[in-house]
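Input: a single structure, listed below in structure tokens.
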Amino acid sequence: MNKTTEQKTSISTSERPRTLVSFLRAQVASLVSTAADFGTTFLCKDIFGWWYVLATAIGALVGTIVNFLMGRNWVFVSKERGVWSQAMRYGIVSIGSLFLNTAGVWLWVEATHEGWVYPSKVVVGILVGFTWNFFMQKNFVYK
């Protein structure tokens, strides 16, 4: 492997974005992955007529894939570990996120008897994103 190839595949920790930059980039990535999540949820629930809990879970899965790819390549610029190793760690964090998001939406809708799912997805998604996703990704998945 020549020096140019080594430089492209191995990013030192000092070359990674600072925490504030990573946090801001993570918010952009979250917006993009949230758009994928909401679009998928809308498609599944409102177009296909599926149960809102299932639609929420499928939307979260699509958003998760988009967010992983952006996190690895742009937010944290972390390629020292293999993609599968990071994907496995990301999967663990995402299962927690999936549970927190789905349970939060379910609790909100059931408690308020509100038929419109989307306000709960916004509030729950922001809370889970700030309190779970960023810190677990930074300190467990992409460290």
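The values are calculated or read from the model by the stated rules, or taken from the named source; none is laboratory data. Owing to the predicted nature of the structure, the values given are computational and were not obtained by experimental measurement. Note that we place each Cβ from the backbone using ideal geometry, even for glycine, and neighbour counts take in every protein chain shown.
Of all residues in the stretch 30-65, count the ones that are at pLDDT 95 or above and closer than 19 Å to Tyr142 by Cβ.
1
Residues in the stretch 67-89: is at least one more than 23 Å from Val21 (Cβ to Cβ), in contact (Cβ under 8 Å) with a residue 24 or more places away in the chain and within 13 Å of the chain's Cα centre (by Cα)?
no
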